[in-house]
Amino acid sequence: MVFGWGKKKQEEKPVEDITQTKEIPLSDVKKIVADLAKLRESQTISEIKHLRNGTAPLIDDLIKIGDKLEKDTLNVDDIDKHLAIIVVRGKKQVIDIIKKGVVPLPEISSIDDAKKLDVSLNQILKKVGDVLGRQTRIIHIFAKKYAAQLKDSLEVMNQNHSEIHDILQNFENTKLTSEEILNTLKQIDKLKSKKIEKTQKIIDTHNELESTKEHIVSLQKSIEEIKSSDNYKKYIESKKLLESFENQKSRIKDEINFQFTKISRPLGRYEYASSLDKDQKNILTQLVNDPFDVLIPENRDSIILILENVRKGIASGSISVKDTEKTFSQITETEETLDGFISKVSEYYQKYKKMQDDLNSLRSEKLTALETELAKTSELKDDLELKSETFQGEIDEIDSTLPQLVSEIEKKLRSFSNTKYTVLMS
């Protein structure tokens with residue numbers, strides 16, 4: 001350093017470790033960590049205590065040097081008066097720091113004592129180093145006989161302090177590693193408990209799934225029994241007849257649409273120009289878009305009124321068409337076929353309703369209930385299968401994580417032990 005006592009330590013030749021291997025169950029890791037931590041603490045205290053005892057005499061030497069320096073006049077009477085003042089002032093600063101800053105070292109019986117020693121030595125070295133750095137010329141020129149003693153003592157003290165600090169740092173690293181291992185053990189315990197929980201859930205889900213599958217088979221059997229009955233066969237035949245009959249609606253619609261398409265243009269123009277009430281406007285809109293559903297007896301008069309109003313609109317010129325006479329003829333034709341269309345639509349709905357009622361009378365309420373229950377039970381089966389897969393996925397993840405955590409423990413144990421531990425997951 002500035003005063004010249006911060007020499008580099010000689011490099012030590014590495015000592016080849018003799019590595020032992022040992023297999024241990026996971027349950028022993030906690031005790032081994034505790035034993036290793038206790039051993040490392042004991043070693044740390046012992047090593048630092050030895051360094052402290054080797055440093056304490058150097059503290060005494062510093063104090064003695066300070067006493068001698070205080071009594072030494074340094075022959076300042078023989079030098080320039082102004083320079084003598086500087087020398088005396090520098091000497092006093094060194095003596096004051098040694099008297100106030102160089103204190104006895106604490107005894108070592110615990111890690112806390114060792115930490116206090118580290119702090120105390122650091123403060124002593126800093127204070128003495130700073131003052132000697134400021135007064136280095138005075139010491140080397142006017143107190144040369146003390147310079148070598150100070151340099152030697154402080155050099156050893158600095159080396160000892162560095163070793164003490166490194167030993168404490170290694171101990172803290174060991175302590176941190178121990179805590180990390182213990183936390184990993186807790187994590188492993190949680191994962192193992194979680195695996196037990198998920199395994200039990202898989203068992204419970206499997207049992208429920210088997211029961212659900214049996215219920216599905218029972219429901220399917222009951223449904224098949226109903227579907228093999230004569231009544232169900234009649235139901236199917238009736239359903240086919242109804243589906244076939246529904247085709248008649250398309251034929252009637254085509255016939256009606258063909259007729260109303262002839263007057264769709266004037267009807268559409270009347271729709272925008274008229275001031276009908278709400279019901280009549282709805283009927284008019286349906287006549288333009290899809291007349292089938294409004295061709296019922298109760299709408300007949302309104303439809304005739306609309307058609308006649310269209311005729312009047314054409315006659316007055318408020319509704320324009322290309323061929324007035326032809327349009328009048330088509331309106332008349334539509335009015336003349338209206339009763340027939342209404343009759344066909346009514347007959348269709350009457351027959352459809354009767355066939356639908358007959359079909360409903362043949363429909364088995366029990367079958368409906370069974371099919372509804374089968375659908376719900378099938379959904380439950382799918383949910384249970386998904387749950388089981390999810391639980392198994394979580395277990396697989398745990399099984400892949402546990403060896404990784406054990407491997408971490410093995411590496412960390414190796415960091416502060418010469419024994420290479422293989423941790424067994426039993």
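The values are calculated or read from the model by the stated rules, or taken from the named source; none is laboratory data. None of these values were measured; they are calculated from a predicted model. Note that we place each Cβ from the backbone using ideal geometry, even for glycine, and neighbour counts take in every protein chain shown.
Some points to look at:
- Residues of segment 379-406 that are in contact with a Leu (Cβ under 9 Å, 6 or more places away or on another chain) and of a type in the set (Ser, Thr, Tyr): Ser388, Thr401.
- The conditions of being surrounded by fewer than 18 Cβ atoms within 10 Å (Cβ to Cβ), small (Gly, Ala, Ser) and either in a helix (DSSP H, G or I) or in contact with a Gly (Cβ under 6 Å, 6 or more places away or on another chain) (or both) are met by Ser193.
- Residue in segment 158-170 that is within 30 Å of the chain's Cα centre (by Cα) and of a type in the set (Gly, Ala, Ser) present: no
- The set of residues from segment 232-263 being of a type in the set (S, T, N, Q), within 58 Å of the chain's Cα centre (by Cα) and surrounded by 14 or more Cβ atoms within 10 Å (Cβ to Cβ) comprises just one member, Ser238.
- Every residue from segment 337-373 that is in a helix (DSSP H, G or I) and of a type in the set (Ser, Thr, Tyr): Thr337, Ser343, Ser346, Tyr348, Tyr349, Tyr352, Ser361, Thr368, Thr372
- Checking each residue in segment 289-308 for being surrounded by fewer than 17 Cβ atoms within 10 Å (Cβ to Cβ) and assigned to a helix (DSSP H, G or I) picks out Asn289, Asp293, Pro297, Glu298, Arg300, Asp301, Ile304, Leu305, Glu308.
- Counting only residues that are more than 24 Å from Arg414 (Cβ to Cβ) and buried (at least 16 other Cβ atoms within 10 Å of the Cβ), segment 36-55 holds 5 of them.
- Odd one out for Val217 among (1) loosely packed, with under 12 Cβ neighbours inside 10 Å; (2) in the same structural domain as Phe328 (by TED's automatic domain parsing): (2)
- Scanning segment 78-113 for residues that are under 16 Å from Met157 (Cα atoms) and either touching a Phe, Trp or Tyr at 6+ places or on another chain (Cβ under 8 Å) or β-branched (Val, Ile, Thr) (or both) yields Ile98, Val102, Val103.
- Some residue of segment 367-375 being surrounded by 14 or more Cβ atoms within 10 Å (Cβ to Cβ) and closer than 30 Å to Leu185 by Cα: no
- Flag: Ile314 does not match the condition of being farther than 15 Å from Ile342 by Cα and under 59 Å from the mean Cα position of the chain (by Cα).
- Given (1) over 30 Å from Thr368 (Cβ atoms); (2) in contact with an Asp or Glu (Cβ under 8 Å, 6 or more places away or on another chain); (3) β-branched (Val, Ile, Thr), number of the condition Ile223 does not satisfy: (1)
- Residue in segment 203-220 that is under 29 Å from Ser343 (Cα atoms), in a helix (DSSP H, G or I), modelled with pLDDT of 90 or more and of a type in the set (Asp, Glu) present: no
- Selected residue [surrounded by 12 or more Cβ atoms within 10 Å (Cβ to Cβ), over 20 Å from Asp166 (Cα atoms), of a type in the set (Val, Ile, Thr) and at pLDDT 90 or above] from Val29, Val88: Val29
- Whether a residue is in contact with a His (Cβ under 7 Å, 6 or more places away or on another chain), touching a residue at least 40 places away in the same chain (Cβ under 8 Å), surrounded by 15 or more Cβ atoms within 10 Å (Cβ to Cβ) and more than 30 Å from Lys253 (Cα to Cα) was assessed, and Ser364 does not pass this test.
- Residues being in contact (Cβ under 8 Å) with a residue 24 or more places away in the chain, closer than 21 Å to Thr212 by Cβ and hydrophobic (A, V, I, L, M, F, W, C) - total across segment 367-406: 6
- Qualifying residue in segment 317-327 (condition: in contact (Cβ under 8 Å) with a residue 60 or more places away in the chain and surrounded by 15 or more Cβ atoms within 10 Å (Cβ to Cβ)): yes
- Taken together, the criteria exclude Ser302 from residues that are more than 24 Å from Ser316 (Cα to Cα) and out of contact with any His (no Cβ under 8 Å at 6 or more places or on another chain).
- Restricting Lys126, Lys151, Lys144, Lys100 to residues that are basic (Lys, Arg), assigned by TED's automatic domain parsing to the domain that holds Asp80 and over 21 Å from Val87 (Cβ atoms) narrows the list to Lys126.
- Taking the numbered list (1) surrounded by 14 or more Cβ atoms within 10 Å (Cβ to Cβ); (2) on the phi < 0 side of the Ramachandran plot in turn, Gln123 passes all entries but (1).
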